[in-house]
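Some notes on the structure that comes next.
Since every read-out is calculated from the coordinates, none of them should be taken as a lab result. For clarity, every value in this text was computed on a predicted model and none was experimentally measured. Don't worry about glycine lacking a Cβ; one is built from the backbone with ideal geometry, like all the others, and counts go over all protein chains shown.
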Amino acid sequence: MRFWWSWDMNDEYIPINTCFDVQSGFAFPSTSFVESGIPIVRMSDLKVGKLRFENAKYVSESWLHIASPFILKCGDFLLGMSGSLSNYAVVTEDDEPALLNQRVGRLKQRDKNADYEYVCYWLKSSVYARYADIQGEGAAQKNISSKQIGQFQYRDISPEKQKKISLILNSIEFAIEKTEALIHKYQQIKAGLMHDLFTRGLTTDGKLRPSREQAPELYQETSIGWIPWEWETEQLANLLAPVANNIRSGPFGSALLKAELVEEGIPFLGIDNIHVEKFVSVFRRFVSKRKFSELGKYAVRPRDVVITIMGTVGRCAVVPNYLGNALSSKHLWTMTFNQEKVVPELRCRQLNYAEWVKAWFRKQTQGGIMDAIQSKTLKTLWLPIPPQHEQKRIFNRYNAISSRIQNERDNLGKLKKQKSGLMHDLLTGKVLVTIDQAETAHV
């Protein structure tokens, strides 16, 4: 039987079970779980190609003997068999020792002439994702069996060509991992730098002030902690621009009915647009120009600071200059700051990360779970305010590291797109690989 992805192709397609087995995991009894020990790999531990034991379950070391056929080894390819069927992970040395739990499959090689990584790339592909999705249709939770995975067909080409395709795709994956590591490194640098900038600031020559431990005479104690002598503290309300509706939430109730939303028009913002230090320009709700004019007091302005007050409370982002007309919503507080006093992006950073901000929000909710933010809570929040010239120096540093991170993120997006397209083309034969004599001898 030929599957849809091999129609009209002259290459031979064979099922995975020709050269490989798919082993399903062991059903470890919950009564055997312990606080720490050997992790058992469950569906929830498979995270975009890697194992993440964030909420892991553990069993005692005795299970390494009891369930020895299910001990995982470095390089094992694991794939989901319930729920997210296209999810997968590769076991690394750092993951060992670990055991294979039920509803997670492991690809095991029988034929040594077949290239293990080549078949793994097929199981990572959009072709397999579609196949698995079809196999799991009709159930409340999608499931796929070892037998069904084994019946998935892949293009059977020479071992030399399989190896070459694996090497090409490996090189792109290595570049992706290297870029991800670089982003993580820069994010850590940024976090440390911003902490120092918001507590020590910059001198006129662009250097960090000595710390309070090094030069206590340079600092003053305030209600929000120690800050440089040159800085002041102000409540947020006193930092807002002298314009109408400088802090607003809404519209509410009959001011905007669900039936008045339109397919296309002026964006109506929600919590899905506001992430931590990131404005997401993907819009799902719109209002007409006429409705926007009626609700003009809820319009956002360039560089407004917006914070979520429903759902995931407390996420904060800045409205980008390119946005144009858009309407705020009742799930957000939108603030227009006086830019002669403060830099909005720096206030946004403080609202997202500053410990004294988090402490203030907790205090206003009497230590409970914060399910909303009142306007009074925001307006009475105290913030440290460096002189304007120092704020600009801090903002330049902030921009430099933020731009570097964004450039790497853009590069990462391009690499992932390149990998996706090239993987499909190489695997299906749309782009052919050639093998010279030297490569044949090496393989």
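Between the residues Asn87, Val59, Asn113, the greatest Cα displacement towards the positive end of the dipole of the range 4-156, with unit charges on the Cβ of Lys, Arg, Asp and Glu, is found for Val59. Tell me, how many Å apart are the Cα centres for the range 196-256 and for the range 320-335? Rounded to whole Å, the Cα centres lie 23 Å apart. What residues have an amide H closer than 5 Å to that of Val287, excluding those fewer than 5 places away on the same chain, when H is modeled at 1.01 Å from N in the peptide plane? The answer is Val262, Ile266, Phe268. Here the chain is treated with +1 on each Lys and Arg Cβ and -1 on each Asp and Glu Cβ, and its dipole about the Cα centre works out to around 1340 debye.
Candidates Val262, Leu239, Val282 compared by Cα position along the dipole of the range 232-385: farthest toward the positive end lies Val262, with charges placed on Cβ. Normalising the average separation of contacting C-alpha pairs (under 8 angstrom, six or more residues apart) by the number of residues puts the relative contact order of the chain at 15 percent.
Equivalent-ellipsoid semi-axes (√(5λ), Cα gyration tensor) for the range 232-385, whole Å, largest first? Mind dumping the intermediate values first?
On the way: eigenvalues 135, 58, 38 Å².
Ellipsoid half-lengths, sorted descending, are 26, 17, 14 Å.
Screening the chain for DSSP H helices whose Cα atoms reach 15 Å or more along their own axis and whose mean Kyte hydropathy is at least -0.5 gives 159-199. Cβ-Cβ distance of Lys341 and Ile172, R₀ of 45 Å, FRET efficiency by 1/(1 + (r/R0)^6): the value works out to about 0.40.
Rounded, prolate or oblate: which fits the chain when a ≥ b ≥ c are the square roots of the eigenvalues of the alpha-carbon gyration tensor, with rounded for a/c under 1.5 and prolate only if a/b beats b/c?
Numbers: a/c = 2.10, a/b = 1.83, b/c = 1.15.
Here the chain falls in the prolate category.
The GluC sites (Glu not before Pro) of the range 337-415 that meet both conditions, a loop assignment by DSSP and at most 10 other Cβ atoms within 10 Å of the site Cβ, are Glu340. Could you list the chymotrypsin sites (Phe, Trp or Tyr not before Pro) in the range 209-286 that lie in coil according to DSSP, counting only those with at most 10 other Cβ atoms within 10 Å of their Cβ? Answer by residue number: Trp229, Phe252.
By how many nm would the segment from Asp205 to Ala259 grow when fully extended, if each residue of separation counts as 0.36 nm and the alpha-carbon distance is taken off? If you can, show how the numbers build up before the last one.
Working: separation 54, 0.36 × 54 = 19.44 nm, distance 5.74 nm.
Gain in length upon complete extension: 13.7 nm.
Amide H to amide H distances under 5 Å link Lys50 with Val90, where only residues 5 or more positions off or on other chains count and H is placed in the peptide plane. For Lys358, the lysines whose Cα comes closer than 24 Å to its Cα, not counting residues fewer than 8 places off in the same chain, are Lys190, Lys278, Lys330, Lys341, Lys376, Lys379.
Placing a label point 7 Å from the Cα of Thr92 along the Cα-to-Cβ line, the residues of the range 186-222 whose backbone N sits under 17 Å from it are 186-188.
In the chain, the calculated helix contribution to ellipticity at 222 nm averages -10500 deg cm²/dmol per residue, counting -39,500 (n - 2.57) for every DSSP H run with n ≥ 4. Between the residues Phe20, Gly253, Thr199, the greatest Cα displacement towards the positive end of the dipole of the chain, with unit charges on the Cβ of Lys, Arg, Asp and Glu, is found for Gly253. Amide hydrogen proximity for Arg303: with H placed 1.01 Å from N in the peptide plane, the residues at 5 or more positions away or on another chain lying under 5 Å are Val319, Asn321.
Placing pseudo-labels 7 Å out from each Cα toward the beta carbon at Lys108 and Glu217 gives an inter-label distance of 7.4 nm. Put a dot 7 Å past the Cα of His389, heading toward its Cβ, do the same for Ser60, and the two dots end up 7.0 nm apart.
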